[in-house]
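These notes concern the structure reproduced below.
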Amino acid sequence: MFTFLSVIVLILLTMVSYASGVTLAANRREYLVAVVDLLIVAGLWFILFWLRPQLSHLPLLAVTVGLGVVVGYLVGAVRLAGRQDVYTLPASELPEHAREKEGEADTAVPPNIFKRGWRRWNEFAGRMGNVQGRLLMGFFYFLVVTPFGLGMRLLSDPLAIKKSPPHSNWHPKENTDLTLEAAKEQG
């Protein structure tokens with residue numbers, strides 16, 4: 001049980017640290033996850049599972065976070081090189097208490113250093129969560145949906161087309177009761 005949980009923690013922590021690195025490199029620019037990101041995260045998993053028997057838990061967690069952030073930052077910096085568009089979190093995604101009120105002198109978040117830090121963390125976490133969600137959905141699509149779809153495509157025959165007679169695709173209709181009483185029972 002403990003090894004299963006440690007594997008899940010390692011997988012999720014790798015995704016979190018990679019998304020953090022990418023978000024740091026994006027620096028308020030929009031970052032769209034591509035298949036290359038999924039392959040890089042899978043490569044990180046391969047490296048970390050190879051290192052797992054050689055390191056104890058705490059050094060492995062430190063390597064996971066460090067490697068994920070560094071690789072994510074480098075990949076994000078390379079992919080976003082030369083782009084200057086700034087991504088701001090839409091107000092609809094912010095909680096009600098963090099939204100600024102237009103037309104009023106005071107805002108929902110006063111200029112306190114702790115409040116400004118909390119607000120910046122919320123913006124960063126929103127962008128990081130966007131990257132994480134896209135990574136999770138990408139892995140879900142390629143690891144669950146695609147194999148299921150291929151299996152259904154190859155192994156199922158809902159229209160009974162594959163087992164039809166070679167001379168025709170015609171299926172004989174079953175005889176139905178054409179009496180007046182049967183027609184009255186329909187509705």
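The values are calculated or read from the model by the stated rules, or taken from the named source; none is laboratory data. What you see is a predicted model; the values in this text were computed from it and never measured. Surface areas here come from the heavy atoms of the whole protein model, side chains and all, with no ligands, DNA or RNA. Shrake-Rupley method; radii C 1.70, N 1.55, O 1.52, S 1.80 Å.
Once ligands and nucleic acids are excluded and a 1.4 Å probe is used, how much of Asp85 is accessible, expressed in Å² to the nearest 10?
Rounded to the nearest 10, that gives 70 Å².
Along region 123-133, what does the Karplus equation 6.51 cos²θ - 1.76 cosθ + 1.60 (θ = phi - 60°) give for ³J(HN,Hα), rounded to whole Hz, x for Gly and Pro?
Ordered by residue, 3J(HN,Hα) equals 5, 5, 5, x, 5, 5, x, 4, 5, 4, x Hz.
Round to the nearest 10 and report in Å² the accessible area of Leu24, as given by a 1.4 Å probe over the protein chains' heavy atoms.
My reading of the accessible area for Leu24 is about 90 Å².
From the backbone phi of region 71-77, what are the Karplus-calculated ³J(HN,Hα) couplings (6.51 cos²θ - 1.76 cosθ + 1.60, θ = phi - 60°) in whole Hz, Gly and Pro given as x?
Those phi angles translate into 5, x, 5, 5, 5, x, 5 Hz.
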